[in-house]
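The numbers here are math on the coordinates, done by the rules we state, and not lab data. Predicted model, so just to flag it, every value in this text is computed and none were measured. Note that each Cβ is placed from the backbone with ideal geometry, even for glycine, and that neighbours are counted across all protein chains shown.
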Amino acid sequence: MSNLKASVQRLAAFSVANPLFRQPPVFPMNQMPIVVEELGRKFDGDIDDKPLEKELEALLQKFLRGRRDFSRREVSNLPFLIYHPKCTMDHVKQIIQQLNFKKDRHLSRLAYVFFARYDDTPKTNLLRIILKNVLDGKLAEDKFLSTMLNQIYRCRAWLLDNTKCMVTMAALYLKAQDIDKVLNYVGLLNWKSESNFLLQSMLHLFNSTQLTAAMGVNFLQKIAVEPEIYAKIFPMVASRLIPMVDKEVTSLGIQDIKKKCLDIFYKLLGDPRFGEKTRKWDNVSLEAKNIYIRWLAEDDLELFFKVIDQTAVDRMWSYRRKFWKAYLPYISNTWLFLGRRATQVLRQLGDHRSHGELGSGESSQSVFVFQIRDYVFSEWSHNGKLRIWPITSVPEFFGRRSITRSDFTRYACIQDYVHASPASYSWQGRVSNWIFNTCGIRKTVQDWGL
């Protein structure tokens with residue numbers, strides 16, 4: 001809240017509470033909230049009456065026809081034409097000539113357009129120069145009526161430096177560890193929802209060499225709660241942050257950061273392997289996408305075994321867990337099918353990721369389906385066989401919403417194994433040899449033995 005709004009509210013409270021306040025106010029005190037709201041919009045910097053698209057189109061046509069008999073409202077709306085594709089640099093200069101920068105309204109609207117449409121173009125650079133010249137020519141003692149313009153004036157050296165403004169903003173975010181606190185300080189908080197300047201500065205933050213994985217995930221959590229503002233930069237953030245987290249987890253073993261990163265991007269971008277949201281990963285780097293798919297495989301495997309720990313009677317699952325963990329780097333797709341009881345267990349574990357429904361057999365049963373090279377594998381809970389198919393000879397299992405036992409058994413597998421004598425590594429040795437001979441992946445008892 002601005003100092004103006006706070007002062008008006010204090011005045012209202014004082015006039016009601018103080019018995020010495022005998023003079024009746026010039027307007028009814030029950031109208032004070034309306035006054036506070038109106039003054040707040042005017043002087044806190046909100047652009048509350050932006051022109052409608054139809055109004056702007058009419059203004060553009062009038063401007064392009066060479067007419068300059070503008071009303072006061074039309075003049076104040078001219079800055080909104082600057083980034084229109086039909087508006088050339090000469091047109092921008094003509095618009096600037098129409099504005100009166102002694103008026104807060106004209107200056108604030110030009111500033112709004114600059115920060116909202118900020119990019120690396122000649123138009124943005126011209127607006128930067130004009131704003132800097134106007135603000136630099138302002139005497140420090142001459143205050144703007146707009147609180148926000150006063151804040152922008154105070155921070156103009158940071159905000160309007162062509163070479164350092166993004167680096168400076170990133171440094172401020174890192175120092176404060178609070179995005180809104182920084183935006184409020186520099187005067188841009190009220191324009192947060194429409195600021196490309198903010199988005200560009202956040203990209204610089206995530207690309208900063210001073211950013212650690214822990215700090216990056218902390219900032220990711222902050223922007224994830226406002227996807228309507230930051231959605232455009234999520235793919236770029238994922239491209240930068242996922243490899244960084246993976247590298248630090250590998251060297252430092254900070255698994256909780258990785259889990260947070262996994263869950264947040266799953267919520268924001270969905271599953272990159274299948275489903276309707278795969279297109280959200282189109283602009284994520286291949287490196288980050290592959291790392292994330294590996295994370296999903298690891299997490300699906302862990303979830304499968306956590307469910308099994310509470311639903312299956314077979315207590316020899318530790319051998320299977322260790323065996324398949326050795327092959328995680330080669331698993332490209334994973335999917336869980338869970339019975340009703342197994343689904344309840346998963347929810348109790350606090351996981352709400354998508355999975356398929358297993359519609360036959362015991363409700364506590366579950367199936368882990370995964371792909372290694374050109375083959376599909378299925379592992380069953382409750383002592384079920386390991387089955388293997390060529391990926392071309394079975395229907396699409398991954399991402400499937402429901403399945404039954406007969407869907408697995410009706411397609412002849414090329415290989416199946418009973419998990420016999422796990423303590424002596426009987427089945428593990430046979431499966432490991434098959435994977436080596438068929439897929440070319442060599443793992444030994446040193447990799448998968450307990």
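A few points about this structure:
- Residue 309/residue 185 FRET efficiency (R0 45 Å; Cβ-Cβ; nearest 0.05): 0.35
- Available extension along the chain between residue 50 and residue 194 is 50.6 nm, counting 0.36 nm per residue and deducting the alpha carbon span.
- If you plug the beta carbon distance of residue 439 and residue 254 into 1/(1 + (r/R0)^6) with R0 = 25 Å, you get a FRET efficiency near 0.20.
- Binned Cα-Cα distance frequencies in the chain - 10 Å width, integer %: 4, 16, 20, 17, 13, 12, 10, 6, 2, 0
- Helix-derived mean residue ellipticity, 222 nm - over the chain, DSSP H n ≥ 4, -39500 (n - 2.57), to 500: -16500 deg cm²/dmol
- Choice from 187, 356, 66 with maximal GNM fluctuation in the chain (Cα, 10 Å cutoff): 66
- Virtual spin-label span in nm between residue 119 and residue 302, 7 Å along Cα→Cβ: 4.1
- Helix 104-116 vs. the chain, principal-axis angle (Cα, 0 to 90°, nearest 10): 20
- Across every pair of non-identical alpha carbons in the range 303-448, the mean reciprocal distance, once inverted, gives a Kirkwood radius of 15.6 Å.
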